[in-house]
Amino acid sequence: MVVNKQSSYSTLPSFNNAKSRTTLHCFNQVWILPCFLTFLIAIASTYTLLFPNIHKILHLTPTVPPHCNVFDGQWVEDNSSTYPIYNSTDCPFAERGFSCLENGRKDTAYINWRWKPKQCDIPRFEAGKALEMLRGKRVVIVGDSLSRTQWESWVCMLMEGVENKESVYEINGSNITKTIRHLGVRFRDHNISVDFYRSVFLMKKDYKVPAGAPNNVRMTVRLDEVDDIRDQWVDSDVLVFNTGGWWTENRLFNEMRCFFQIGDSLVMGMSVIDGYKMALNTWADWAEANINPNRTAVFFRTIESTHWRGPNQCDVSREPLKETNGREKSEKSDIIIEVLRKRMKRVPVRVMHLTAMGSYRSDAHVGNWGDNPGMQDCGHWCLPGLPDIWNQIIFTYFLPTISSFNSHHN
Ligand SMILES: *[C@@H]1O[C@H](CO)[C@@H](O)[C@H](O)[C@H]1NC(C)=O
Ligand SMILES: *[C@@H]1O[C@H](CO)[C@@H](O)[C@H](O)[C@H]1NC(C)=O
Ligand SMILES: *[C@@H]1O[C@H](CO)[C@@H](O)[C@H](O)[C@H]1NC(C)=O
Ligand SMILES: *[C@@H]1O[C@H](CO)[C@@H](O)[C@H](O)[C@H]1NC(C)=O
Ligand SMILES: *[C@@H]1O[C@H](CO)[C@@H](O)[C@H](O)[C@H]1NC(C)=O
Ligand SMILES: *[C@@H]1O[C@H](CO)[C@@H](O)[C@H](O)[C@H]1NC(C)=O
C-alpha cells in the first residue's frame, strides 16, 4: 500500500497547530502544560504517518458522519450549478429515449434539485476522483431498464473526467437498445470496465415449459435458480442489482404469459409477491455462496416510484411533489430489506433505499420527451437527472468508505 505522506500530513490539523505553538511559546513557563500536551499531540500525529489505518479513519470524507441514513432526507433547490453533471446530447452512452432536453423538454428546473439527507451532506461529485478510485476495476450493473439508466448515467458521469472521449468505447461497438442483454464500456486510459446486464427478474427464464402445462403458459421464470448469465457478474469490484418493475400480475401472467416454476414443476396460483420473495431468497443464497466480499462491493436498489395518472397517461410536473400520498412506501422494497437483512451473513449488501427519494420526483420523469412522442412515460427518469444522484451517492458516499477503493491511489 502506498500512503501519500503529503496528504496524510495536511489532513491532520493538530499536527500543524502543534508545530507553530511549540516554536512560539515553549520557553514561556505559563505555557509548559499546553506545550507538553501539544508535543504529545505532535508525537501522536507523527505516529499516524506510520499507521496508515489511523490516517484513513481521519481522512474519511469529513462531511459524512458514520451513522447517516443517506436515503432519509429531502429535496432542496440548488441553483449553484452543481447539476447537471453532464450534457446527455454530448454523451454517446445516454440513450435518446432518456435524453429529455434533447427531445424538447423546455422547463429545466427539474435538474436543479439536490438531495439533502437529514444527518449529512452528499459530497460534490468529482469525475477525476471517481476515475482514480475506479482505476483497474470492473463495475457491473444488473437489472431492468432502470438499471440501464443507471449504467448510462454512470458512464456519462465518469466521461466528464476523460479528455479523449474516443478512449471510451463499447467493446463490441454495440448500440444501446431496450432488449440488449449485455453492454460493456471500457475506459481505456483508466482500465475501467462498466458493464450492464439485462436481467429483469434476476432469475432464470425458460421458454421450454414443463410438460402438461396449460396452453396459456408461454414461458416460465424460475424461482429457485438465478439467471443463467450469473457467472458473468461475479468477477467484479462493484456490483449493483435491482428487480421489481416486471413483477406484476399484468406483465407476467397477461402480457408475457409467463408463470412461476420451481424445479421441474409449474407453480400456478402463487401470488406475485410470494414469487418475488422466493426469488429474492434464491438471489441472496446465490450471492452469499458466490460473491467474494473482500473484493466486491454489492448494492441492491429498492423499488422506484412511478407517477402515472392512468393507463399510459401521466403529467410530468415542474416541481417535486410536496406530498407523496403513500408512494414513499413499497411492499417490494420492504421485502428486499427484510430478505437481505435475514439472509446475508458473509456478504454485506448495501441497500440503496431509493423509494422515498424518488416518490417526490413527479417532475423528473421522461413524460413526453422520450424517443416515442406518442407515448407517455412516468416510469423512467430523464438523463441527466435523478439516476445521477444515485451514482453520486455511490461515488462520494459509499465507495470512499470501503478500503479497497481507498487504498492504492493519490
Ligand atoms: C432557483 O432558480 C429558480 C429559477 O430561476 C427560481 O425560481 C428559484 O427561486 C431559485 N431558487 C433558489 C433557492 O435560489
Ligand atoms: C448540450 O450540448 C449541445 C451541443 O452538443 C447543445 O446544443 C445544448 O445546448 C447543450 N445542452 C445544455 C443543456 O447545455
Ligand atoms: C486492468 O485491470 C485488470 C483488473 O480489472 C488487471 O487485471 C489488469 O492487469 C489491468 N491492466 C493494466 C494494463 O493495468
Ligand atoms: C449502431 O448504430 C449506427 C447508427 O445508427 C449504425 O451505423 C451501426 O451500424 C450500429 N452498430 C451496430 C453494431 O449495430
Ligand atoms: C462481445 O462479443 C463477444 C463475442 O461475441 C461476447 O462473448 C461478449 O459477451 C460481447 N461483449 C459485450 C459487452 O457485449
Ligand atoms: C477475506 O479476508 C479475510 C481477512 O483478511 C480472510 O480471512 C478471508 O479468508 C477472505 N475471504 C475470501 C473469500 O477471500
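Could I have the simple spin-label model distance between residue 215 and residue 346, label points 7 Å from Cα toward Cβ, reported in nm to one decimal?
4.9
Work out how much length residue 116 to residue 89 would gain on full extension: take 0.36 nm times their residue separation and subtract the Cα-Cα distance, in nm to one decimal.
Length gained between residue 116 and residue 89: 7.0 nm.
Hey, got a sec? Which GluC sites (Glu not before Pro) in region 310-410 land in a DSSP loop and have at most 11 other Cβ atoms within 10 Å?
Here the sparse-neighbourhood loop sites are 323.
Among the listed pairs 116/342; 137/165; 165/204; 277/322; 116/277; 129/204, which have their C-alpha atoms separated by more than 27 angstrom in this model?
116/342; 165/204; 277/322; 116/277; 129/204
Rank the residues 308, 390, 75 as a footprinting-exposure proxy: fewest other Cβ atoms within 10 Å of their Cβ go first.
So the residues, fewest neighbours to most, are 308, 75, 390.
Between residue 109 and residue 165, how high is the FRET efficiency from 1/(1 + (r/R0)^6) when r is the Cβ-Cβ distance and R₀ = 30 Å? Nearest 0.05.
0.55
Starting from the exponent 0.38 and prefactor 2.2 Å, build the expected Rg for region 270-410 from its residue count and divide its actual Cα Rg by it.
For region 270-410, the normalised Cα radius of gyration comes out at 1.23.
Please give the FRET efficiency for residue 126 paired with residue 402, using the beta carbon to beta carbon distance and R0 = 22 Å, rounded to the nearest 0.05.
For residue 126 and residue 402, the calculated efficiency is 0.80.
I want the antiparallel fraction of DSSP beta bridges within region 67-405, as a percent rounded to 5.
Here the share of antiparallel DSSP bridges comes out near 50 percent.
Would you kindly state how much longer the chain becomes between residue 78 and residue 294 on full extension, computed as 0.36 nm times their sequence separation minus their alpha carbon distance, in nm to one decimal?
74.0 nm
For residue 308 paired with residue 224, estimate the spin-label separation in nm (one decimal), with each label point 7 Å from Cα along the Cα-to-Cβ line.
For the pair residue 308/residue 224, the computed spacing is 3.3 nm.
Could you tell me the calculated FRET efficiency between residue 331 and residue 189, based on Cβ-Cβ distance and R0 = 45 angstrom, to the nearest 0.05?
Once rounded, the FRET efficiency stands at 0.50.
Could you tell me what fraction of 2.2 N^0.38 Å the Cα radius of gyration of region 326-402 comes to, as a two-decimal ratio?
For region 326-402, the normalised Cα radius of gyration comes out at 1.36.
Report, in debye and to the nearest 20, how large the dipole of region 67-405 comes out about its Cα centre when Lys and Arg carry +1 and Asp and Glu carry -1 on their Cβ.
520
Throughout, read-outs are computed from the coordinates displayed, never taken from laboratory work. All values derive from a computational prediction rather than experimental measurement. With ideal geometry, Cβ positions are generated from the backbone for all residues, glycine too; neighbour counts draw on all protein chains shown.
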